[in-house]
Amino acid sequence: MNEHIQRELSSIKEKNLWRDVSSKASYKINFSTNDYLGYSHHPKVAQAAQDAIKKYGTGGRASRLISGTTDIHRELEEALAQFKQSESSLLFPTGFMANLGVITAILGEGDAVIMDELNHASLWDAVKLSRARPFVYEHASVESLEKILHRTRNYSKRLIVTDSLFSMDGDLAPLSEILGLAKTHGIWTMIDDAHATGVLGKSGIGALEHFGVLGQAEIVVGTLSKALGSQGGFVCGSKDLIDLLINKARSFIYTTALSPANCAAALESIKLIKSEPETREKLMGLSRTMQNDFKTNFKEQSKLLKETATPIVPFWTGSAEGALRMSEDLKAHGICVPAIRPPTVPKNECRLRFSISSEHTFEEVQLVSKLMAENFSVAS
Ligand SMILES: Cc1ncc(COP(=O)(O)O)c(C=O)c1O
């Protein structure tokens with residue numbers, strides 16, 4: 001076995017695909033977190049978590065169905081359902097597990113799942129585990145989705161599944177059109193709103209609010225680990241769906257409950273999202289500024305930048321080597337920007353991925369564009 005491991009590690013290194021888990025805490029400017037609103041260390045959020053530890057202790061202690069459920073779990077589930085404007089909601093220890101739980105609970109062999117080609121890894125793994133047959137449409141393409149809907153018309157159980165905000169591209173699924181088609185064909189839609197929750201929409205509800213289609217998707221999944229500054233995942237849907245998950249979702253049943261401190265932190269963040277629209281406005285302003293600066297500074301190469309209406313700004317480099325080189329050069333200036341490479345993205349679609357937080361300053365986002373323009377005249 002050791003030989004196989006060594007061989008695989010060498011091959012990863014040779015292809016410039018090596019990853020490590022070194023701490024990024026020492027960088028002056030960090031564009032690599034999903035802490036979009038800076039709530040992971042907001043004093044009120046931290047205080048709520050500390051109070052919960054005093055009251056409930058540190059761990060989840062047992063599975064939700066045994067003795068892991070506390071009043072704060074129920075309070076957060078009610079708050080999430082109300083925030084997302086759905087009938088009911090259920091917490092999972094992570095968003096990954098929420099996706100595994102839903103798809104394996106409602107789909108099985110002989111069913112069809114209709115997926116955007118760029119859906120998150122957790123959705124792909126969930127589909128594999130469920131044994132439903134995946135049908136893949138081209139990224140964010142309504143025409144391609146329509147063709148797949150036609151091809152799968154003989155399946156009695158079908159589900160459309162898409163990320164709302166694609167984490168590596170920063171772009172959005174055309175949710176109004178997707179939900180319209182789903183309605184026409186009488187199919188349910190599951191939206192993974194992990195990156196849009198707390199970020200998009202007038203009230204920060206997410207991508208469905210952004211597109212004016214709140215309440216039209218039957219299943220919405222999210223995470224507490226990004227804009228909500230905590231940890232954990234959740235599913236919103238009908239009371240019947242949630243009852244089925246409680247009784248059938250293995251990644252809910254056979255695991256320890258989310259810790260009460262994480263619940264308390266997320267509850268506080270939801271309150272902040274409601275009371276602090278200016279934080280979201282600043283976040284979007286920072287993203288626009290960074291993209292405008294890229295356009296100005298890389299005029300003749302503007303195709304290198306895919307414009308987004310979100311806090312995720314990809315900067316295309318093509319090769320893994322180019323992405324790594326740029327990332328290393330920025331590190332030398334105290335700036336952390338991850339080089340995104342396969343298997344996260346296809347070969348030759350490598351990129352730097354700027355993940356902006358409302359805690360950044362306008363000077364910081366301008367500095368990075370200036371530094372890149374000075375140092376990288378031609379991206380490779
Ligand atoms: C689109 C998407 N879905 C699900 C997840 C999983 O969420 P979690 O980190 O809570 O497991 C992530 C990221 O981690 C994600 O980007």
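The values are calculated or read from the model by the stated rules, or taken from the named source; none is laboratory data. Here the structure is a predicted model, which means the values were calculated and not measured. Backbone-built Cβ (ideal geometry, glycine too); neighbour counts: all protein chains shown.
A few points about this structure:
- Taken together, ALA121, ALA126 contain a single residue that is loosely packed, with under 15 Cβ neighbours inside 10 Å, in the same structural domain as LEU228 (by TED's automatic domain parsing) and under 21 Å from GLY222 (Cβ atoms), which is ALA121.
- Pair list, Cβ under 6 Å, 6 or more apart: region 22-40 residue touching a residue at least 24 places away in the same chain (Cβ under 8 Å), other residue of a type in the set (A, V, I, L, M, F, W, C) and surrounded by fewer than 17 Cβ atoms within 10 Å (Cβ to Cβ): none
- Among the residues listed as ILE356, ILE340, the single one being outside the structural domain of VAL199 (by TED's automatic domain parsing) and at pLDDT 95 or above: ILE356
- Index of the failed condition, SER167 passing every other in (1) closer than 25 Å to PHE31 by Cα; (2) modelled with pLDDT of 95 or more; (3) within 13 Å of the ligand (Cβ to nearest atom): (2)
- Failed criterion for PHE96 (all others in (1) away from the ligand (no atom under 16 Å from the Cβ); (2) within 20 Å of the chain's Cα centre (by Cα) hold): (1)
- Between TYR27, TYR36, the distinction of being surrounded by 13 or more Cβ atoms within 10 Å (Cβ to Cβ), within 29 Å of VAL337 (Cβ to Cβ), at pLDDT 95 or above and not assigned by TED's automatic domain parsing to the domain that holds SER230 belongs to TYR36 only.
- Complete set of residues in region 116-139 that are within 16 Å of the ligand (Cβ to nearest atom), closer than 23 Å to HIS150 by Cα and not in a helix (DSSP H, G or I): ASP116, GLU117, LEU118, ASN119, HIS139
- Filtering region 221-244 to residues that are in a loop (DSSP other than H, G, I, E, B) and among the aliphatic types (A, V, I, L, M) leaves LEU224, ALA227, LEU228.
- Criterion applied to GLY212, GLY198, GLY180 was being at pLDDT 95 or above, in a loop (DSSP other than H, G, I, E, B) and within 25 Å of VAL142 (Cα to Cα), and the one residue passing it is GLY212.
- Note on region 245-348: enclosed helices (runs of 4 or more DSSP H) holding 1 or more residues that are surrounded by 15 or more Cβ atoms within 10 Å (Cβ to Cβ) and in contact with a Cys (Cβ under 9 Å, 6 or more places away or on another chain) are 320-332.
- Residue match in region 4-12 (condition: closer than 28 Å to PHE315 by Cβ, at pLDDT below 95 and among the small types (Gly, Ala, Ser)): yes
- Screening the candidates ILE219, ILE246 for the property of being within 16 Å of the ligand (Cβ to nearest atom), assigned by TED's automatic domain parsing to the domain that holds GLU87 and of a type outside the set (Ser, Thr, Tyr) yields one hit, ILE219.
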